[in-house]
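*Asks:* One structure follows; several queries about it will come next.
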Amino acid sequence: MIGTFSYAKFLKFLYSVAEAERGWEKSGVNGKLTAPLDWLYGLVRLPGRRIVTPVVNQMREAMATLARLQARSKAVGQQYYFRNSVVDVFRKKENDAAVKIQSWFRGCRVRAYIRHLHRAAIIVQKWWRSYLSRQHYQLVVKLAYYTMKMNLYNEMAVRIQRRWRGYKIRKYCFDYFYLKEYLRAVTETNDAIRDALEEFAEMKEREEKKAALEREEKKRDYQARKMHYLLSTKQIPGIYNSPFRKDPDPWELRLQKAKPLTHQRPRVKQKHSISLTSWLACTSNRSFPRSEILPPINRKQCQGPFRDIAEVLEQRYKPLEPTLREAEPINELKEAREDLRRQEWIRNVNDNMFLPFSSYHKNEKYVPSMHSSSKYGPNSYGCQRFRDENPKKWICPKDFQTVLPSFDLFSKYGKLYSKAGQIV
Amino acid sequence: MHLLPEDQSPWIPNRQAGVMSLLRPLLLDVVPTIQQTAALALGRLANYNDDLAEAVVKGDILPQLVYSLAEQNRFYKKAAAFVLRAVGKHSPQLAQAIVDCGALDTLVICLEDFDPGVKEAAAWALGYIARHNAELSQAVVDAGAVPLLVLCIQEPEVALKRIAASALSDISKHSPELAQTVVDAGAIAHLAQMILNPDAKLKRQILSALSQIAKHSVDLAEMVVEAEIFPVVLTCLKDKDEYVKKNASTLIREIAKHTPELSQLIVNAGGAAAVIDCIGSCKGNIRLPGIMMLGYVAAHSENLAMAVIISKGVPQLSLCLSEEPEDHIKAAAAWALGQIGRHTPEHARAVAVTNTLPVLLSLYMSTESSEDLQVKSKKAIKSILQKCTYLPALEPFLYDAPPNILKHVVGQFSKVLPHDSKARRLFVTSGGLKKVQEIKAEPGSLLQEYINSINNCYPEEIVRYYSPGYSETLLQRVDSYQPLAN
């Protein structure tokens, strides 16, 4: 407070005090009379300060006023009480009014304050919210952008994958056209195989038919050869060449073509024992080898008493023709019989002769009639022929044996190499 | 001594005691002819009856036979091998008795003999012994018979080839190891060469041997195929002899059943068509392997099933199904048709078009069919129906099918009808919608759902029109109708 001291302000203060005092006189306020004066006194007694004369004049004026006021102090008291009691009537009403006004005003003030606060809060919130939302919005935009890009990529990827998958399936996993092609190829192969098999079957049938025909032919040929004697001659027309027919039966032609059948000579069986024939026959080829090349046709006859080369070669390479005596052993018949007996013994279940069933009841002994039998036994006239065997008359049970074989006289007739004895 | 006639059987057991003890010393006789004849007699006795064969074994004759087999001439060897074969053919126990007395080594020695008759008899005996079970086959293989049999096959005599092929077939049929042994001896090449031989009985045995080898595993089947039997084997399918056809189709079946690649190979070579023609040309049991082969081929994949269809297999199979009298062949045909039709709607349509489904249904429902046939026809119907979209074939099923099949039929209708308007119209005009309304189904069951989805394809008036009892409701309405007062 003690700073720059301004006299103008001090004088204004004094004047206000004086006016206040005057006012106080009117209103009757008592208590604060001494305050400004004290102050004034205090101020006058301020050390070290010289007060200027206008100020002293004013101070004198002030002192005079002060004295005046002190004189009127008693009346002030009374006036004060009186005025207070007069005023007291309206005091409550005015108090209430003042309270109401004050409360309303306070209320308005507070409301204004709150309004102001609201506005401020709104602004702050607005700004804060806008900041937050802008941030959020940026995020949303980023997200939307990102999503849009990803959708685009997905879409493109789906297109590529669709194409690729279609291609892959159609080309590698299930090629529809390849399947169709394959099925067509299979059908073609099937048809080809079916045709080939049909042909094969037909060929087989044809072969069989041909074989059957050939067998038939052979059979008929054989029959024709056997029936050759039925061929027609000049004098006698044969069965198949009846004069009443227009043309002869085909059998007639067949008989003409056929060669008469002669019964086969029994083939000499190959013996297991080493016989003369086979040995010489097999040695002839090795010991006397024939050359592959035949002798030339126009070979000139060697000069001299030589025979024809063909005859010589024929004689040289003639196979052995042993005589009957050498070819067959001496007891060939006996051996053959033994062989047959052995074969039968192996083969037959039962050694007894198998009699036909029709002779089962024929076990009755023949009873000769009275005419051909006499009391000396049966008559040998009608029932015994001279070829019948009579075992009781035999001298020994064994059969006669050929001790000496027949000798052959004419076996070499015409086959000898030498020309001795031939009639020229 | 010829074969004893059958009606003299009552007195054979009495005879046999005497005969065996009489014949036994004759085997040791000095004269070789007597020995041979005695052996032949024993063989014929043992051949006739297994009691007699047992008597031969019990009479302790086999060791003598085996002992003298090694030393005698070829007639005796033939007769002794005949005895061994006659004893060994009846039962595994008798064959085991033969093996126990050491006959196998001697028989194998006989296989090396020069005379083809001896070889034939020995091979026959070995074949009959090996026929019974795997242990006996293993014993035969251990005796070293297989390489000699393969040599026998290459001999010029046809009878010997036949017997050797039959013996190899009997050896290899029991297990894969035995078949591998036969293959290792190089049999396949020779067997494959002889398929072209014109003799029918030889072809039978060769095809049987190859099929016994091929049936065990994929590798063996591939080895058989590598011997280039296709397409030559297909000519055997056209042979006059029925059993050649049967064995050829058995061989193809055994090859086809292993993998799809082998089946494809067969189809590419035209085998499907050949087998189908073969089925058409025979009757009865001969057809069975061919039918099974088609089933196996179609079972592997849908392309192969389509190949079977375009080779005109389905009409042939349905013919088999209807005309064969025996149940097991019908069952096989039903199974094969099921395998063909189960893949895709086109396959099912191809089967349904030939009108086989009613036949299958009647087989399933008939009380005379065996259980196997019923099971197989039911499976076939189910698998075909699940893929069938050919409605004219499905309609008869609405009328006579049992409920478990009806469910599938109605399900198929409910799948097809929503998409095809012509089919819807046809369904109504043919009376199918009426029949569907008459089906009673528990609410919530699958059948009810199908019926609902069918009803949803049609406008309400039609559904109401065809629902049972509609005429009564209409008449009730007539009854309750008040005519307008004029």
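The values are calculated or read from the model by the stated rules, or taken from the named source; none is laboratory data. What you see is a predicted model, and the numbers here were worked out from it, not measured in a lab. Cβ placement follows ideal geometry from the backbone for every residue including glycine, while neighbour counts extend to all protein chains displayed. Heavy atoms of the whole protein, side chains included, go into the accessibility calculation; ligands, DNA and RNA do not. Shrake-Rupley method; radii C 1.70, N 1.55, O 1.52, S 1.80 Å.
*Asks:* Give me the pairs, please: first residue somewhere in the stretch B:406-429 and closer than 17 Å to residue B:361 by Cα and in a helix (DSSP H, G or I), second residue anywhere and open to solvent by 20 Å² or more (accessible area, probe 1.4 Å) and among the charged types (D, E, K, R), beta-carbon distance under 7 Å, and either six or more positions apart or on two chains.
*Replies:* Correct list of pairs: B:408/B:382.
*Asks:* One residue is enough: does the stretch A:177-197 have a residue meeting the conditions in contact with a Lys or Arg (Cβ under 7 Å, 6 or more places away or on another chain), at pLDDT 90 or above and not β-branched (Val, Ile, Thr)?
*Replies:* yes
*Asks:* Being aliphatic (A, V, I, L, M), open to solvent by less than 90 Å² (accessible area, probe 1.4 Å) and more than 12 Å from chain B (Cβ to nearest Cβ) is the filter here, so list the residues in the stretch A:159-180 that pass it.
*Replies:* First, pick out the residues of the stretch A:159-180 that are aliphatic (A, V, I, L, M): A:160, A:169, A:179.
After this cut, where a residue has to be open to solvent by less than 90 Å² (accessible area, probe 1.4 Å) as well, the list is A:169, A:179.
The one that is aliphatic (A, V, I, L, M), open to solvent by less than 90 Å² (accessible area, probe 1.4 Å) and more than 12 Å from chain B (Cβ to nearest Cβ): A:169.
*Asks:* On to the next question. For residue A:50, only one of the following conditions fails: (1) loosely packed, with under 11 Cβ neighbours inside 10 Å; (2) at pLDDT 80 or above. What is its number?
*Replies:* (2)
*Asks:* Let me ask something additional. Quick check on the stretch B:266-287. Is at least one of its residues crowded, with 22+ Cβ neighbours inside 10 Å, touching a residue at least 40 places away in the same chain (Cβ under 8 Å) and away from every other protein chain (no Cβ under 14 Å)?
*Replies:* Within the stretch B:266-287, one or more residues are crowded, with 22+ Cβ neighbours inside 10 Å, touching a residue at least 40 places away in the same chain (Cβ under 8 Å) and away from every other protein chain (no Cβ under 14 Å).
*Asks:* Moving to a separate point now. Filter the stretch B:210-246 down to the residues that are more than 14 Å from chain A (Cβ to nearest Cβ) and not in a helix (DSSP H, G or I), then identify the one that is least open to solvent (accessible area, probe 1.4 Å). If you could, list the steps in order and put the result at the bottom.
*Replies:* From the stretch B:210-246, those more than 14 Å from chain A (Cβ to nearest Cβ) are B:210-229, B:242-243, B:246; that's our starting set.
If we keep only those that are not in a helix (DSSP H, G or I) too, we end up with B:215-217, B:227-229.
Numbers: B:215: 67, B:216: 43, B:217: 36, B:227: 31, B:228: 145, B:229: 3 Å².
Of everything passing the filter in the stretch B:210-246, B:229 is least open to solvent (accessible area, probe 1.4 Å).
*Asks:* Quick one: residue B:136 ticks every box in (1) assigned to a helix (DSSP H, G or I); (2) of a type outside the set (Lys, Arg); (3) open to solvent by 30 Å² or more (accessible area, probe 1.4 Å) except a single one, so which number is it?
*Replies:* (3)
Per-residue answers, yes or no, for (1) closer than 24 Å to residue B:351 by Cα; (2) surrounded by 14 or more Cβ atoms within 10 Å (Cβ to Cβ); (3) not hydrophobic (A, V, I, L, M, F, W, C):
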{"residue": "B:379", "(1), (2), (3)": "yes, yes, yes"}
{"residue": "B:391", "(1), (2), (3)": "yes, yes, no"}
{"residue": "B:401", "(1), (2), (3)": "yes, yes, no"}
{"residue": "B:406", "(1), (2), (3)": "yes, yes, no"}
{"residue": "B:433", "(1), (2), (3)": "no, yes, no"}
{"residue": "B:452", "(1), (2), (3)": "no, no, yes"}
{"residue": "B:463", "(1), (2), (3)": "no, yes, no"}
{"residue": "B:473", "(1), (2), (3)": "no, no, yes"}
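*Asks:* If you don't mind, there's one more thing I want to ask. Which one of these is modelled with pLDDT under 95, open to solvent by 10 Å² or more (accessible area, probe 1.4 Å), among the small types (Gly, Ala, Ser) and farther than 27 Å from residue B:43 by Cα: B:186, B:102, B:144?
*Replies:* On the way: B:102 fails: farther than 27 Å from residue B:43 by Cα; B:144 fails: farther than 27 Å from residue B:43 by Cα.
The conditions single out B:186.
*Asks:* Looking only at residues in the stretch B:64-78 that are of a type outside the set (Ser, Thr, Tyr) and in a helix (DSSP H, G or I), which one is farthest from residue B:20 (Cα to Cα)?
*Replies:* Here the residue is B:74.
*Asks:* Between a first residue in the stretch B:186-209 that is under 17 Å from residue B:222 (Cα atoms) and a second residue that is open to solvent by less than 10 Å² (accessible area, probe 1.4 Å) and not in a helix (DSSP H, G or I), which pairs have beta carbons less than 7 Å apart while being 6 or more apart in sequence or on different chains?
*Replies:* The qualifying pairs are B:192/B:229.
*Asks:* Shifting gears a bit: Would it be correct to say that residue B:88 is within 19 Å of residue B:139 (Cβ to Cβ) and not hydrophobic (A, V, I, L, M, F, W, C)? Explain how you work it out, then say what you get.
*Replies:* Numbers: within 19 Å of residue B:139 (Cβ to Cβ): yes; not hydrophobic (A, V, I, L, M, F, W, C): yes.
It is true that residue B:88 is within 19 Å of residue B:139 (Cβ to Cβ) and not hydrophobic (A, V, I, L, M, F, W, C).
*Asks:* Mind listing whichever residues of the stretch A:209-229 are within 13 Å of another protein chain (Cβ to nearest Cβ) and open to solvent by 100 Å² or more (accessible area, probe 1.4 Å)?
*Replies:* A:209
Let's see how each residue does on (1) open to solvent by less than 50 Å² (accessible area, probe 1.4 Å); (2) more than 29 Å from residue A:176 (Cα to Cα):
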residue: B:261; (1), (2): no, no
residue: B:297; (1), (2): yes, no
residue: B:323; (1), (2): no, yes
residue: B:335; (1), (2): no, no
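*Asks:* What number of residues within the stretch B:65-81 are away from every other protein chain (no Cβ under 14 Å) and open to solvent by less than 40 Å² (accessible area, probe 1.4 Å)?
*Replies:* Going through the stretch B:65-81 one residue at a time, the tally reaches 7.
*Asks:* Would you mind finding the one in B:111, B:126, B:149 that is more than 30 Å from the chain's Cα centre (by Cα), touching a residue at least 12 places away in the same chain (Cβ under 8 Å), crowded, with 24+ Cβ neighbours inside 10 Å and at negative phi?
*Replies:* B:111
*Asks:* Here is a follow-up. Could you grab the pairs with beta carbons closer than 7 Å, sequence gap of 6+ or different chains, first residue in the stretch B:315-339 and farther than 17 Å from residue B:350 by Cα, second one polar (S, T, N, Q) and surrounded by fewer than 23 Cβ atoms within 10 Å (Cβ to Cβ)?
*Replies:* B:327/B:369; B:327/B:370
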